[in-house]
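Reading through the structure tokens given below for one structure.
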Amino acid sequence: MNVVVGIPLYVMSAAALLAIVSGAFTLPRDLRRLPEWIGLLGVGISLLTLIAMWDRPQSGFEGEIRLTQMSMLMSGIILVATLATIALSWGEPAGAGRRGEYIGLILAAATGMMLTVTAGDLIVMFIGIELLSVSLYILCAIEVTRERSLESGLKYLMTGAIGTAILIYGFALLYGMTGSTSLNVIGERLAEAGPLTSQPLLVAAMALVAVALGFKASAVPFHMWTPDVYEGAPTPITTFMSTGTKAAAMGAFLLVFTGAAQGAIADWRVLIGAISAASMVVGNIGALRQTSVKRMLAWSSVAQAGYLLMGVAVGTAFGAEALVYYLIAYLAMTLVAFAIVILREREVEDGDQIEAFTGYGRRRPWAGVVMTLAMLSLAGFPPLAGFIGKFMLFSAAIDSDMLWLAIVGALASAVSLVYYLRVSIVMWSPAPVRNVPERTLRVPRPVAAVAVTGGVAIIALAIWAQPVIDLCRDAGASLLP
Amino acid sequence: MPWVSLLVIVPLVAAIVLALVPQHDRMLARTVALAGTGLTVAVSIVVLVLFDGGSGAFQQIDHVDWITSLGISWDLGVDGISIWLVLLTTVLFTLGVIAACQHLPERGNMFLSLLLLSEVGLLGLFTSGDLVLFYVFWEFMLIPFAFLIWTWGGDNRRRAGLTFVVYTMVGSLIMLVAIISTALIARDHLGHATFLIRDIQGVPFSGTASTLLFAGFVLAFAIKLPLWPFHGWLPLAYGEAPIVVTALMAALMSKAGVYGLLRIGVPLFPDGANTLLIPIAILALIGIVYGSLLAWRARTMRLLVGYSSLAHLGFIVLGIMVFDRMAAQGAVLQMINHGVVVAAAFTIVMMLGRGTGTEDMDRLGGLAKGAPRLAVAFLIVTMAALALPGSNAFVGEFFILGGVFRQFAWMAVIAMAGVIYAAVYMLRMYQSTMNGPVRGVADEGRATELRRGDAIVLVPLILIMFLIALWPRVFVDASAKATDQAIAPAQVVAGRPLIQIAPSAAATRELP
């Protein structure tokens with residue numbers, strides 16, 4: 001039995017446990033950041049093991065855990081998101097006094113996300129999704145004294161529970177039809193079975209799985225929870241949900257649909273294409289009317305899920321490659337945007353409102369520049385990373401005769417300009433005289449580091465795109481036999 | 001030396017330096033901006049000197065692979081059409097920076113930085129040999145222009161900027177889809193992924209594909225031009241932008257659309273272009289008449305010049321779309337002419353606006369008394385704008401009308417209306433402000449008189465007009481080969497006889 005395959009996961013679980021345990025002790029002042037350091041260390045080691053194993057894809061535990069290039073790259077994305085979340089939590093009021101639990105739960109959620117994308121079996125995937133969901137229910141509500149935070153956690157729990165029920169139902173149907181929970185075996189059976197249109201039960205299974213994963217990815221029509229939960233949760237947790245959870249959900253989509261259900265592609269591709277198109281349209285239109293940047297980013301994350309799902313809908317290795325590249329670009333852009341929101345929230349009351357950003361670029365030029373870059377990149381302006389990602393996704397769609405999806409994506413992007421650019425315009429307008437008290441804040445270095453690194457990455461990922469695309473290409477190729 | 005790449009890099013570096021210049025050091029900002037644009041002019045002259053006018057090919061190519069797996073590359077070069085647009089861009093931006101420096105708004109370093117960034121976009125666009133790179137620069141130029149409107153525009157700037165961006169982006173994103181589709185079809189034909197225009201040029205597209213792709217590209221071009229009825233953003237954007245920006249947008253950004261049509265649309269998709277010839281020509285004709293009527297009724301001088309631009313661009317599009325050699329060469333010449341004339345006209349509007357505090361021409365009058373030198377310059381520009389025989393624009397319009405007449409006589413008849421209207425609205429602007437009793441100003445309008453600072457901007461423009469009027473051959477000859485090559489495939493499809501009188505000979509005959 002190959003146990004090496006689980007090393008990145010063991011490291012993360014161990015770090016999660018250690019962090020929670022460390023919270024049980026009253027730490028001396030010098031060690032008050034111990035949970036954070038445990039988290040950073042765990043993530044760092046886990047990342048290093050992934051890098052070391054990159055050239056040796058392998059599977060273990062009877063094929064239940066599979067470290068392919070795809071799952072390693074996805075795990076890497078999740079780990080970077082985790083790293084950034086811990087950095088963004090530096091000095092965050094949320095979970096004050098309960099840092100051990102706070103960090104431990106983030107690490108546990110990250111473990112769940114990694115388990116989801118490395119799963120070779122439906123059961124393992126389900127456990128991963130549950131682990132990440134349960135941890136996040138608590139994290140959303142961790143500011144127990146703040147009503148919005150509690151509301152956020154409760155809403156996420158309610159909708160999440162429904163999502164779980166649907167997911168397990170879908171998996172059960174899939175198992176019933178193919179006689180196995182192993183993704184490999186399911187793949188073989190589906191390839192043999194020929195077109196699935198004659199077997200409505202399998203179509204139903206695919207639809208249920210798509211619905212349930214769509215819940216986690218906040219794709220339309222299962223996106224309703226997103227704005228409220230995103231707005232209420234502590235902002236670092238929102239960041240984590242919109243990057244890590246999305247990566248995990250997309251990884252699961254790729255494993256189940258592009259990977260295992262490749263043989264039945266004709267039956268699900270229109271379904272996923274429709275979800276993708278609807279997410280782009282609804283997400284972008286929903287974002288138009290928001291006055292809170294957090295809510296706006298929540299709707300935008302619905303739209304972004306739509307763009308990402310284009311890469312699933314086409315069902316090709318190139319589609320997966322494009323998806324992963326866009327996910328990396330999306331990670332950079334989202335981290336920057338939330339980092340700046342976190343900064344602003346700590347300075348003024350209602351710092352997530354768009355008005356709170358009026359003239360912010362003039363006060364902190366570096367923050368203005370990176371936020372503008374993030375917004376332009378999210379809107380798909382060249383020559384930024386978001387553009388290259390969208391370019392690849394559109395290419396994948398057109399290449400697989402889904403021109404209509406590319407056109408919907410293009411028009412939806414044009415709509416998205418209105419709200420993305422509004423933030424950039426506001427940031428550079430003259431600041432009005434306001435009576436809101438401002439806390440002059442010494443910018444926490446980790447938060448600034450995330451914002452600036454992300455900003456640099458947005459440009460660098462585009463200019464030196466080829467090496468990154470090569471990684472994504474390997475990942476995409478590893479998905480299909 | 002990669003001179004063509006330097007065209008893009010020099011202003012980019014200057015723009016970055018400008019952004020870092022301390023805000024209060026306005027002198028330093030001016031120096032950097034002038035040095036940046038001046039150096040770019042020098043580079044463009046080097047490119048011109050190295051240019052081989054005898055060949056119609058894309059030349060002085062700087063090629064670096066960018067994303068090899070997708071077939072995208074950094075590929076810059078010039079041909080007979082773009083060389084003049086590059087020169088026009090570098091010169092007009094230098095003059096624009098000079099004009100801006102004299103009345104630098106608050107946060108002037110950022111203003112100049114954004115101005116130079118838009119120059120980067122335009123120069124990159126005019127020299128791109130790769131479709132994706134073309135798209136990158138196409139979008140790149142949009143953002144600085146939009147921010148210039150948002151930050152330094154008039155009262156209605158937010159709406160103006162947003163309308164401008166959204167209009168343009170709808171077209172651009174559809175163009176992006178068209179670009180990808182083009183390359184994918186070309187890949188099946190060529191066997192490898194490429195976005196190089198010169199590689200794709202030989203690919204035969206099926207009739208439907210050709211039409212759809214051409215339509216996809218033309219939508220973006222038509223919005224940028226703008227072609228009627230895609231001009232909804234124009235009055236807002238031209239009206240609200242700082243006037244230097246309006247001038248540069250009208251003079252250069254509009255040419256991006258024409259250039260795209262001539263460099264990509266028509267040569268790559270001759271079948272599609274031929275199918276859509278009549279519809280587009282009709283839109284251009286409507287634009288000529290409608291733009292002229294709007295210009296005639298316009299309230300402010302700025303909008304008058306802006307709408308006249310709509311009419312003039314209709315002429316240029318018509319000249320390209322009839323696939324006639326003479327008309328196309330006239331269109332290329334007219335691109336340069338219009339750029340210079342409209343820039344000069346906006347400069348005069350700027351001076352009048354500054355000296356009198358209003359751009360509303362009904363409130364002004366008799367300024368010639370107090371500002372005789374301005375009146376002379378204004379008259380010259382007016383004559384050029386209405387294409388008086390002997391002026392530079394006359395040559396271009398004559399070529400276009402002559403060529404259009406040979407192919408579709410009825411179009412030429414309608415287009416003639418535009419020439420007549422031009423006299424009406426341009427003379428209205430001149431007369432109502434310069435002649436008649438003195439109105440709307442103190443001291444007989446001496447405040448508007450041409451001063452040295454203004455003369456530095458205006459005189460070179462007028463000199464260029466004379467230069468083109470006297471030696472149009474130089475321009476036509478250098479661009480003739482490239483223009484012929486651009487429209488030749490479409491001419492074959494449209495069944496035009498390929499042997500035609502040499503326009504350069506005609507030019508010699510027509511000149512005074």
Hey, B:ILE414 β-branched (Val, Ile, Thr), in a helix (DSSP H, G or I) and loosely packed, with under 15 Cβ neighbours inside 10 Å or not
no
Restricting to the stretch B:417-453, give me the number of residues that are assigned to a helix (DSSP H, G or I) and open to solvent by 10 Å² or more (accessible area, probe 1.4 Å).
17
Restricting to helices (runs of 4 or more DSSP H) lying wholly in the stretch A:239-331: which have 1 or more residues that are farther than 17 Å from A:ALA212 by Cβ?
A:265-288, A:293-313
Filter the stretch A:351-379 down to residues that are modelled with pLDDT of 90 or more and either within 19 Å of A:LEU411 (Cα to Cα) or not polar (S, T, N, Q) (or both), then give me how many there are.
13
Hits in the stretch A:246-294 (condition: buried (at least 22 other Cβ atoms within 10 Å of the Cβ) and among the hydroxyl-bearing types (Ser, Thr, Tyr)):
A:THR258, A:SER276, A:SER279
A:VAL43 vs. criteria open to solvent by 50 Å² or more (accessible area, probe 1.4 Å) and among the hydrophobic types (A, V, I, L, M, F, W, C)
no
The listed residue being modelled with pLDDT of 90 or more, open to solvent by 10 Å² or more (accessible area, probe 1.4 Å), over 25 Å from B:THR68 (Cβ atoms) and not acidic (Asp, Glu), out of A:VAL452, A:VAL436
A:VAL452
Can you confirm whether A:ASP121 is among the charged types (D, E, K, R) and open to solvent by less than 20 Å² (accessible area, probe 1.4 Å)?
yes
List the helices (runs of 4 or more DSSP H) inside the stretch B:269-325, counting only whole elements, that have at least 2 residues being hydrophobic (A, V, I, L, M, F, W, C).
B:277-297, B:301-321
Taking the criterion of being closer than 20 Å to B:LEU458 by Cβ and part of a helix (DSSP H, G or I), would at least one residue in the stretch B:390-405 satisfy it?
yes
When residues of the stretch A:362-399 are limited to those that are open to solvent by less than 20 Å² (accessible area, probe 1.4 Å) and in a loop (DSSP other than H, G, I, E, B), the one nearest to the other protein chains (Cβ to nearest Cβ)
A:PRO382
If I ask for residues that are among the β-branched types (Val, Ile, Thr) and either facing chain B (nearest Cβ under 8 Å) or in contact with a strand residue (DSSP E or B) (Cβ under 8 Å, 6 or more places away or on another chain) (or both), which ones from the stretch A:400-414 would you list?
A:ILE407
Being touching a residue at least 40 places away in the same chain (Cβ under 8 Å) and within 9 Å of chain A (Cβ to nearest Cβ) narrows it down to one residue among B:VAL170, B:VAL177; which is it?
B:VAL170
Give me the pairs, please: first residue somewhere in the stretch A:323-349 and open to solvent by 10 Å² or more (accessible area, probe 1.4 Å), second residue anywhere and charged (D, E, K, R) and not in a helix (DSSP H, G or I), beta-carbon distance under 9 Å, and either six or more positions apart or on two chains.
A:GLU345/A:ASP352; A:ARG346/A:GLU92; A:ARG346/A:ARG439
So, in the stretch A:295-315, of the ones that are of a type outside the set (A, V, I, L, M, F, W, C) and crowded, with 24+ Cβ neighbours inside 10 Å, which residue ends up modelled with the lowest pLDDT?
A:GLY315
Among the residues listed as A:ALA337, A:ALA305, A:ALA332, the single one being in contact with a His (Cβ under 8 Å, 6 or more places away or on another chain) and on the phi < 0 side of the Ramachandran plot
A:ALA305
Within the stretch B:125-135, the count of residues that are within 18 Å of the chain's Cα centre (by Cα) and either within 11 Å of chain A (Cβ to nearest Cβ) or not in a helix (DSSP H, G or I) (or both) comes to 3
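The values are calculated or read from the model by the stated rules, or taken from the named source; none is laboratory data. Since the model is a prediction, treat every value here as computed from it, not as a measurement. Please note: Cβ atoms are built from the backbone with ideal geometry, for glycine as well, and neighbour counts cover all protein chains shown. These accessible areas exclude ligands, DNA and RNA; they are computed on the full protein's heavy atoms, side chains included. Shrake-Rupley method; radii C 1.70, N 1.55, O 1.52, S 1.80 Å.
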